1. From the phi of every residue in segment 92-107, what ³J(HN,Hα) in whole Hz does the Karplus formula 6.51 cos²θ - 1.76 cosθ + 1.60 yield, where θ is phi - 60° and glycine or proline is x?
2. Amide H to amide H under 5 Å from Gly43: which residues, 5+ apart in sequence or cross-chain, H placed 1.01 Å off N in plane?
3. Build a GNM of the chain with springs between Cα atoms under 10 Å: which of Thr147, Thr223, Thr268 gets the top mean-square fluctuation?
4. Please label the shape of segment 40-142 as rounded, prolate or oblate, based on the square roots a ≥ b ≥ c of the eigenvalues of the alpha-carbon gyration tensor (a/c under 1.5 means rounded; beyond that, a/b larger than b/c means prolate, else oblate).
5. Taking a ≥ b ≥ c as the square roots of the eigenvalues of the Cα gyration tensor of the chain, is the shape rounded (a/c under 1.5), prolate (a/b larger than b/c) or oblate?
6. Please report the antiparallel percentage of DSSP beta bridges with both residues in the chain, rounded to the nearest 5.
7. Do you know the relative contact order of the chain, to the nearest whole percent, from alpha carbon pairs under 8 angstrom that are 6+ apart?
8. I'd like the Karplus ³J(HN,Hα) series for segment 66-72: coefficients 6.51, -1.76, 1.60, θ = phi - 60°, whole numbers in Hz, and an x wherever there's a Gly or Pro.
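Laboratory data are not the source of any read-out in this text; all were calculated from the coordinates shown. Please read these numbers as outputs of a predicted model, since none were measured by experiment. Please note: Cβ atoms are built from the backbone with ideal geometry, for glycine as well, and neighbour counts cover all protein chains shown.
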Amino acid sequence: MNKKNIILLITGVVIVVAGWFGYKEYFTTTTTTELYPDKITIGYVSWPGYLGLYIANEKGYFKELGLDVDIRAYPSLSEEYSDYVSGKIQGAANLTLDAINEAYDGLDHKIILVIDHSNGSDGIIASRGIKDFMGVKGQMVAFEYGTLEEFFLLYALDRNNLSLTDIIPINLSPEKSADAVVTGDAGVAVTYEPFMSEAITKSGGNKIFSSADAPGLITDVLTFHSDFIKAHPNTIEAIVRAYFKAVRFWKEHPEDANVIIAKYLNITADQVSAQVGGVKLLDESDNRTAFTFSVGLESLYGNMRSVDEFLKKHQQNTNTRDVDTDTLIEPRFIRKLQK
């Protein structure tokens, strides 16, 4: 063998060996079949639709699959948003609205399952003297700026040919917004359960608009940072399976489930059914439908596109970054459930 051929042979061996170590390094550093060994934190705000997370945590379903999961309660969406975007928590019980806004802010994350559609549990309430939505004009309206509440209010105003210039905005959390109607500090509030029903009972006021008037518009999802999903797909799969096991427990043992849910919502077990009745919880079968492409709000793809169009129409996103909402959806874990 001449010198040229020897050099070519050595070069080829070096390339093959380097390629093997590069391949091995990629799959051992960016993807692992092992479960994530440390604590996984999922943020949430108090909401009846998150019962799957409550039950999975309380019944130990995450632990059964070898996971150390902490579901962390936040007093407001804005505080949860801050920790999630900054990377202090890996996952979040989120909204399609916020998932889009977070992507516009530069967060690389994805939706792994759909939790629910609000069907009356989000609403706009008013003091007893305001009987319908047109009575909102000129009123002090309490809502949390830059969150779902502002988006929902904009939608309701738009449906009734009104705008933010027709009201006097007050920036308060959903809980404090509801309290403001009770104390008389605001005539109208944008809030959700369990705060909404409590405020109506205490104030003798009225619900003048709710998510039942806009079915599918408000959709809760579970999101995780993309790098965490990429590095720990088996962990995400286990979280999804534990979550749906909890949903099945709720369906099969409603009375026992209500005791658990009541603990997280800080209400009595007897009050849970009314709270949960305002959401349409999505099980495994519903998620298969949601992760199928369609233009309607029942499809996650259609839902995300519709919400994004509304945000752009009202110039909610001032960031020039372009976001394809389809890329925020990770369907493989729901599809894997079918196997």
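1. 8, 6, 10, 10, 4, 4, 6, 4, 6, 4, 5, 5, 5, 7, x, 6
2. Arg72, Gly91, Ala92, Ala93
3. Among Thr147, Thr223, Thr268, the largest mean-square fluctuation in the Gaussian network model of the chain belongs to Thr268.
4. Numbers: a/c = 2.68, a/b = 1.75, b/c = 1.53.
Cα axes put segment 40-142 in the prolate bin.
5. Working: a/c = 2.69, a/b = 1.82, b/c = 1.48.
Since a/c reaches 1.5 and a/b is larger than b/c, the shape of the chain is classed as prolate.
6. Details: 24 of 39 bridges.
Around 60 percent antiparallel, to the nearest 5.
7. Details: 585 pairs, mean separation 87.2, N = 339.
Taking the mean separation of contacting Cα pairs over the length of the chain, I get 26 percent.
8. x, 10, 10, 10, 10, 9, 9
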